[in-house]
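Peer 1: Please see the structure below; I have some questions.
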Amino acid sequence: MTAPVTASGFQRNYSSALDALRMLAQRDLLSWWNQTAHMAYTDQRRLMSEPFLAIVQTYGEQAAYAAADYLFQSRSLDELLAGLEYPEVAAPVAFEQAQASYRYAMWLEELTEEPEAKALALKKLMGVTQRLITEPARKTVEMGVEKAGTRYARVPEPGACEFCLMLASRGAAYSHDTVMFELGKYHDNCRCVGIEVHDHAPLPRVNQELEVAWREATKGRSDQMVAWSEYLSKRKKALQAT
């Protein structure tokens, strides 16, 4: 007999769907890069602009629908939210935003054909691509949370940076809370997932543990981020020693 899917199961499925879309998008982007690698860098940069836009918009749209599916499915388990209509789906990133991000990633201080410089540009472009694809999904969840009056939390990826772990320690926030602005910030290559938290539902365990850790690390400290960095560094060393 198949076990029923839980809210955390829907969340894992959503996270896996985003990972798959990011992987496919980066595969397509790398294919275009390899096909144009023989060109002068200025020509390669000009030619790849249009495929880049198509990739981030195509996969970004799919990511947004994956987020809407996640919301709709997880709400089906909640008596108060099960009757809500299918969530509004955020649009992919606009042309202007995509082009600005593309120029940032592909800009080199000196136009050069050095392999190291071009490799750096590719690395930046991959990170930008990942962020732009995931952005519509994150916006879909944020809009759904705001409309339903539920809460938003950030679940960190394994190996998340100090900044992301700090935001995950904030717990769940309503759309009108000041901290909500910070929770919506994501950097290139970030795989943290924004989720909906129902009023009577507990936070994911990792968020609960981070809330406790933040209070412990920053108690009596005015330089909270420094204290947080020190705490995480000590914790990492302790884990490595075991």
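Quick note: the coordinates plus some simple rules give every number you see, no bench work behind them. Remember, it's a predicted structure, so these values are computed and weren't measured experimentally. Heads up, the Cβs are rebuilt from the backbone with ideal geometry, glycines too, and the neighbour counts pull from every protein chain shown.
Peer 1: Does segment 82-207 come out rounded, prolate or oblate, given a ≥ b ≥ c as the square roots of the eigenvalues of its C-alpha gyration tensor, rounded meaning a/c under 1.5 and, failing that, prolate meaning a/b above b/c? All intermediate terms of the calculation are to be shown ahead of the outcome.
Peer 2: On the way: a/c = 3.11, a/b = 1.90, b/c = 1.64.
Judged from the Cα gyration tensor, segment 82-207 comes out prolate (a/c at least 1.5, a/b above b/c).
Peer 1: Now, a different point. Excluding same-chain residues fewer than 8 positions from LYS147, which lysines have a Cα within less than 16 Å of its Cα?
Peer 2: Once the sequence-local lysines are set aside, what remains near LYS147 is LYS139.
Peer 1: Gaussian network model of the chain, Cα springs within a sub-10 Å range: biggest mean-square fluctuation belongs to which of ALA201, ALA168, ALA213?
Peer 2: Highest fluctuation among the options: ALA201.
Peer 1: Follow-up. Order these by the 10 Å Cβ neighbour count, fewest first: GLU162, GLU61, GLU113.
Peer 2: The most exposed by this proxy come first: GLU113, GLU162, GLU61.
Peer 1: Aspartates and glutamates within cross-link reach of LYS234: Cα-Cα under 15 Å, excluding same-chain residues under 8 positions apart?
Peer 2: Once the sequence-local aspartates and glutamates are set aside, what remains near LYS234 is GLU162, GLU216.
Peer 1: Right, another one. Rounded to a whole number, what is D in µm²/s for the chain from Stokes-Einstein with the Kirkwood radius over alpha-carbon pairs (37 °C, 0.692 mPa s)? Write out the running numbers ahead of the final one.
Peer 2: Details: Rh = 19.7 Å.
D, rounded to a whole number, is 167 µm²/s.
Peer 1: Could you work out [θ]222 nm for the chain from helices alone, using -39500 (n - 2.57) per DSSP H run of at least four and dividing by all its residues? Round to the nearest 500 deg cm²/dmol.
Peer 2: So the helix-based figure for the chain works out to -22000 deg cm²/dmol.
Peer 1: Taking only the alpha-carbon positions of segment 150-242 and ignoring solvent, what does the Debye formula give for the base-10 log of I(q)/I(0) at q = 0.24 Å⁻¹?
Peer 2: Each listed q corresponds, in turn, to -1.32.
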